[in-house]
1. Going 7 Å from the Cα of TYR6 along its beta-carbon direction, which residues of the stretch 23-57 have the amide nitrogen within less than 11 Å of the resulting point?
2. Simple spin-label model, 7 Å along Cα-to-Cβ: SER28 to ALA107 in nm?
3. Which residue fluctuates the most in the chain, going by a Gaussian network model with Cα springs under 10 Å, if the choices are ASP42, ASP71, ASP98?
4. To the nearest 10 degrees, how steeply does helix 159-168 sit against the main Cα axis of the chain, on a 0 to 90 scale?
5. Suppose only helical runs count, i.e. DSSP H with n ≥ 4. What mean residue ellipticity at 222 nm does that imply for the chain under -39500 (n - 2.57) per run, divided by all residues and rounded to the nearest 500 deg cm²/dmol?
6. Please determine, in degrees from 0 to 90 and to the nearest 10, the orientation of helix 201-218 with respect to the longest principal axis defined by the Cα atoms of the chain, where the helix direction is its Cα long axis.
7. Tell me which lysines have Cα within less than 19 Å of LYS143's Cα, excluding those fewer than 8 residues away on the same chain?
8. What's the FRET efficiency of ASP148 with ASP277 using the Cβ-Cβ distance as r and R₀ = 25 Å, to the nearest 0.05?
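The values are calculated or read from the model by the stated rules, or taken from the named source; none is laboratory data. Here the structure is a predicted model, which means the values were calculated and not measured. Here the Cβ positions follow ideal geometry from the backbone for every residue, glycine too, while neighbour counts run over all protein chains shown. Areas reflect the complete protein model, heavy atoms only, side chains present, ligands, DNA and RNA absent. Shrake-Rupley method; radii C 1.70, N 1.55, O 1.52, S 1.80 Å.
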Amino acid sequence: MIFRSYRVFTPEGERPADVAVSGGRIASVAGHGALTGPDVIDLGECALLPGLVDTHVHVNEPGRTQWEGFDTATRAAAAGGVTTIVDMPLNSIPPTVDPAALAVKRAAAAEQCYVDVGFWGGAVPGNAAELPRLHAQGVFGFKAFLIDSGVPEFPPLDPAGLEQALRAVDALFVLHAEDPALVRTPAHAAHFTDFVASRPPQAEASAVATAIGLARRTGARVHILHLAAAEAVAEIAKAKADGVRVTAETCPHYLTLRADQVPDGATEFKCCPPVRDGAHQDALWQGLRDGVIDAVVSDHSPCPPELKAGDFATAWGGIASVQLSLPVVWTAAVTRAVPLAQVVGWMAQAPADLVGLPGKGRIAVGADADLVAFDPEAEFTVDAAALLHRHPVSPYQGRRLRGVVRDTWLRGRLAGAEPFGRLLERP
């Protein structure tokens, strides 16, 4: 099979090219029109991208499959040009905090995934002894909260508990970093600004500083999840300059939504940390340009509509966006003169590199033939009811977005019709 486009996005940049696929992998990348064969997919001016890699997805199965599941989450991913996800260890029951729970998770995922799926393990109080065994079973690292997770079966670690976990195994630790001492839980929050004030940027900066301090002391590798605060960007920049093993991500909603634009009662915008104001958003974009923030991933965290009822204090915090991540980010990138190649790097190769998957997230010889036909000029209006994740709840409802995923191929096969995704292990 040969894929041909005037806009092929390789690690070396955008160029006209032919991409030959054999045995599910990329066999060669040649000049446009240089290759011949019986099966040529000519995309013309439609861009050929590597499949995106989303390392922050809450699938919630088993246990809370009424919130989401491997079938619906991976269908939505494929429709959005995402060919690899890494599933978070919480919101499912049991949480993935020991090898037995990982086996349950894998059994639940088997034969119903439309994209390739890997798994994070969880670090919680009392399970430090399980972490080496869980790591040996192939999880990509360990998720930990420094603040209440929202579900009782996945409690947070205090700094001493986090240090114990960091010393228990040489692995990647991905951290929800907010300082509980600086967060208050209001009984009511009718206005979004009330909720934002309850989780101030200083709470992120303080927790990030704690994580960085522990990384300095232990030599461990830490990754800051869903960064939203400008102050935390500065903490990470300094640590990177000092050689600390720290990376960071942000999410489409922090790059595109603004607190002052959230209507009263619109709890579909609620997430933790919260969407902040334009100054923080500008700092996140600059952090990406400067390489302080490494990747953009969805933090896809859906729930049933009834859990979004109430006000901003009581509604479940999570935004479902795995299907929309690419057009959401690209729409904003256009207004900031950020080229598509840079967006693709943040959303494909960088997350793949984060978790050690050199065969994902790039159009290169030997890599998996995970490919996306993306029309960057086309536009569409978001209809939440037409999205493929389980519940039609989205803060992007009615938004006009730029960029349409035309087709997605997983290892050279058209994705979305059959569940032939593989369950991945850490290399």
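1. 44-47
2. 4.8 nm
3. Of ASP42, ASP71, ASP98, the most mobile in the Gaussian network model is ASP42.
4. On a 0 to 90 degree scale, this one is about 50.
5. Values: 12 runs with 113 residues, N = 427.
Dividing the helical sum by the residues of the chain leaves -7500 deg cm²/dmol.
6. Once rounded, the angle reads 80 degrees.
7. LYS105
8. 0.55
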